[in-house]
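Asker: This is the structure, below, for whatever I ask next.
What follows draws every value from the coordinates through simple rules; no lab data is involved. These numbers come from a predicted model, not from an experiment. Ideal geometry is used to build each Cβ from the backbone, glycine not excepted, and the neighbour counts take in all protein chains shown.
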Amino acid sequence: MTDSRTLAYINLYAVLGSLENLCELAPEASSLLTNKKPISIGFEVKGGPSATITFKNGRCRMEQGCTKCDVKLPFSSCEKFNGLIDGTVTPIPSKGFHHIGFLLNSFTKLTDLLAKYMRPDPEDLKDPDFFRISTLLLLNTITVAIAQIGNNDEIGKFSAKNMVDGEISFSIKGAASTTIRVKDHRLLGIKKASDNPRAIMEFSSIELARDLFDGNVNAIACVGSGDIVMKGMISMLDNLNRILDRVALYLA
Amino acid sequence: MSMKINTHNRSAELFQRAAKVIPSGLYGHQGPAEGCCIPVSAFPLFSERAEGSYFWDVDGNRYIDYMCAYGPNVLGYNDPDVDRAVMEQMKIENCVTAPSTKIIEFAELMVDTVASADWAFFAKNGGDTTTAAIMTARAATHKKKIIFVKGYYHGVAPWCQKIDYPGVIPEDVANNLYVEWNDFEDLERIVAENEGEIAAFISTPYMHGNFLDNVLPAEGYWQKVRKLCTEKGIVLIVDDVRCGFRLDLAGSDHFYGIEADLICFCKALANGWNVSALCGKDWLKSSISGLTYTGSYWMSAVPFAAAIACIEKMKKIDLPKICLEKGLMLTDGLKAAAANNGFNLNVSGEPALFYLMLKDDDSLMLHQEWIAEVVKRGVYMTNHHNHFINASLSDEDIKFTIEVAEDAFKAVRKNHPELG
């Protein structure tokens with residue numbers, strides 16, 4: 001019960017979009033970009049999303065649309081783009097062939113590193129630094145994925161339709177906070193804390209957040225034990241939780 | 001003298017024990033998550049005993065209970081008349097191969113009591129009866145679509161959940177149509193767009209949804225709905241599970257001046273004993289007779305005896321009048337307590353099932369804080385759901401509740417100097 005268009009939006013904005021956070025959190029990621037000329041890669045998916053990722057000074061930033069980019073990767077369908085993410089499709093640039101070295105080298109290493117953190121080996125998670133980076137990456141990825149599901153997936157849109165306007169603070173106590181902004185039943189995932197949340201969902205620790213993201217514990221059970229604090233417009237959180245259920249379906 | 005602030009250490013310990021063997025520790029509306037216990041530490045999670053309008057939690061704290069077990073406590077916990085009938089019936093028989101004749105007595109009493117009832121069908125929970133009502137409507141009309149009012153709650157069977165709920169598949173709700181409450185034109189439009197396909201319109205007597213002010217029916221709304229349903233052959237189902245008997249012993253459809261084709265009862269029916277009832281019009285009797293729909297305990301005699309005693313007592317004391325008067329006395333006092341402390345407390349819905357919401361912020365966080373302070377001082381309320389009046393609630397209980405509300409408002413104001 002997933003659709004390839006929604007998955008393409010998640011893959012581009014949430015998964016590849018988390019390269020931004022990877023470069024901020026993981027020194028080995030930013031070091032792949034140091035002493036490199038700035039470069040931007042555009043992704044254009046027919047019938048789906050488009051975005052440009054710019055790599056500059058050891059950091060990266062994603063923006064919607066790809067009218068200005070050094071390398072352009074067109075995809076004839078959402079399925080083809082999803083194939084890039086699961087490794088079954090090799091992209092062919094329509095622009096910027098002379099930058100192919102970056103694509104084959106640094107970009108591939110970055111996405112491999114991203115995969116290492118996003119689908120970690122259990123042994124790697126025993127390292128506290130790796131654990132923290134991996135979990136914070138997941139928080140940001142999930143935040144953006146929630147918005148994409150609420151805006152594109154048929155069942156997700158039903159949940160979003162029942163959400164009132166306002167911001168939801170989605171946070172790990174003492175570690176990080178993101179925001180889901182709702183306006184006219186459209187969702188926007190924002191990778192920073194909300195100044196004025198209308199509803200709050202806060203995980204008591206990074207370990208608990210990890211367990212939740214991995215599906216090892218249930219949010220409802222954690223509310224009772226006090227490990228998750230929910231307050232404010234609970235109807236917003238109810239619907240957020242329903243979309244969150246679908247995140248696991250898409251990111252599995 | 002400052003008020004005692006309750007703590008819930010034993011509740012928390014027991015919850016940890018429960019969580020090892022019970023999903024979510026406590027699931028459903030009586031659990032801390034769905035029950036919106038915000039923060040959880042402010043709320044008792046388990047009770048030790050109950051009597052009249054009170055329950056005592058496992059930490060020894062007493063609460064005046066305005067949730068009334070989410071409705072069933074209508075006469076007072078352990079009502080002596082109901083419990084006497086129960087004890088007498090227990091000595092005779094309960095769940096037996098050939099049911100007790102109590103079922104006939106009870107059905108006759110329901111038909112005599114509920115204005116729109118020509119027959120009565122019994123089950124256990126409210127959801128059993130809403131499901132029976134939908135099946136009956138579909139069996140009678142041979143049509144599949146059902147119209148719901150947005151924000152509805154009619155139980156937990158898959159047909160009455162929503163497409164995004166866990167465990168529900170799109171096919172479960174494929175024939176559900178949704179209209180706005182009190183919007184007759186919206187209903188007319190949906191009926192016209194689905195001409196000849198609609199089996200039933202199901203609604204509570206008024207909009208008593210959660211997280212929002214409750215809304216009474218507009219003048220003439222129900223009369224227009226009744227006429228449209230009759231003209232179009234749509235079965236009109238009133239879900240009176242929550243309101244039933246607190247507004248009108250003849251049914252809430254009667255209270256608002258119409259007759260439903262099918263009407264569902266549960267909560268206040270037997271003062272906490274487990275029985276529910278679907279009542280209906282004669283023309284639907286053969287349809288429900290043909291359903292394959294039954295349960296192991298649906299004809300147990302003890303809950304029937306409890307329901308008979310409960311209904312007789314509700315008639316004797318004129319329960320709706322008591323609920324109205326006590327509801328008004330309480331909510332007037334709560335509003336005044338809020339105003340005294342510079343807060344704007346909105347009271348909506350019928351006084352017997354009053355709904356509270358502080359209007360001083362739009363996030364509900366201030367309201368949740370106030371409710372938590374109220375609970376910590378020994379008055380059990382919730383921040384998301386309507387409340388319930390029961391007949392045993394005394395004027396002293398109401399007076400104490402208002403004092404608690406005042407003290408809780410003062411505590412909230414002290415915690416929020418930014419409010420001025």
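Asker: Sorted by mean Cβ packing within 10 Å, highest first, what order do the peptides B:348-355, A:189-196, B:261-268 take?
Answerer: Ranked by mean Cβ neighbours within 10 Å, highest first: B:261-268, B:348-355, A:189-196.
Asker: Continuing with this model, one more query. Using alpha-carbon positions, what is the distance between the centroids of region B:355-391 and region A:9-57, in Å?
Answerer: Rounded to whole Å, the Cα centres lie 47 Å apart.
Asker: Need one value for A:193-202: mean number of C-beta atoms belonging to other chains within 10 Å of its residues' C-beta atoms.
Answerer: 1
Asker: Follow-up. Provide a whole-number value for the mean count of partner chain Cβ atoms within 10 Å of the Cβ atoms in peptide A:226-234.
Answerer: Mean shielding count: 6.
Asker: For region B:54-111 and region A:78-112, compute the distance between their C-alpha centroids and round to whole Å.
Answerer: Between the Cα centre of region B:54-111 and that of region A:78-112, the gap is 69 Å.
Asker: Using alpha carbons only, how many degrees (0 to 90, rounded to 10) separate the axis of helix A:128-152 from the longest principal axis of chain A?
Answerer: Relative to chain A, helix A:128-152 is tipped by roughly 90 degrees.
Asker: Could you derive backbone 3J(HN,Hα) for region A:28-40 from the dihedral phi with the Karplus parameters 6.51, -1.76 and 1.60 (θ = phi - 60°), listing whole Hz in sequence and x where the residue is Gly or Pro?
Answerer: 5, 7, 5, 5, 5, 10, 5, 6, 10, 5, x, 8, 10
Asker: Angle check, please: helix B:365-376 long axis (alpha carbons) against the longest principal axis of chain B (alpha carbons), in degrees 0 to 90, nearest 10.
Answerer: Once rounded, one gets 80 degrees.
Asker: Also, I was wondering about something else. Quantify how strongly other chains surround peptide B:30-38 by giving the mean number of their Cβ atoms within 10 Å of each of its Cβ atoms.
Answerer: That average works out to 5.
Asker: Mean residue ellipticity at 222 nm from the helices of chain A, using -39,500 (n - 2.57) per DSSP H segment of n ≥ 4 over the full residue count, to the nearest 500 deg cm²/dmol?
Answerer: -12000 deg cm²/dmol
Asker: Determine, for each peptide in B:105-115, A:138-148, the mean count of other beta carbons within 10 angstrom over its residues, then list the peptides with the highest first.
Answerer: A:138-148, B:105-115
Asker: With respect to the cross-link table entries A:Lys231/B:Lys414; B:Lys281/B:Lys321; A:Lys161/B:Lys162, which display a Cα-Cα separation exceeding 24 Å?
Answerer: Long pairs (Cα-Cα over 24 Å): B:Lys281/B:Lys321.
Asker: Could you tell me the relative contact order of region B:80-316? Use alpha-carbon pairs under 8 Å, at least six residues apart, and round to a whole percent.
Answerer: 33
Asker: Suppose only helical runs count, i.e. DSSP H with n ≥ 4. What mean residue ellipticity at 222 nm does that imply for chain B under -39500 (n - 2.57) per run, divided by all residues and rounded to the nearest 500 deg cm²/dmol?
Answerer: -12000 deg cm²/dmol
Asker: For B:Val179, what residues show an amide H to amide H distance below 5 Å, using hydrogens built from the backbone and excluding near sequence neighbours?
Answerer: B:Phe148, B:Val149, B:Lys150
Asker: Using mean Cβ contacts within 10 Å as the protection proxy, how do A:205-215, B:269-279, B:202-212 order, highest first?
Answerer: Put in order of decreasing packing, that is B:269-279, B:202-212, A:205-215.
Asker: Which whole-number percentage describes the relative contact order of chain B, with Cα contacts under 8 Å and a sequence gap of 6 or more?
Answerer: Answer for chain B is 23 percent.
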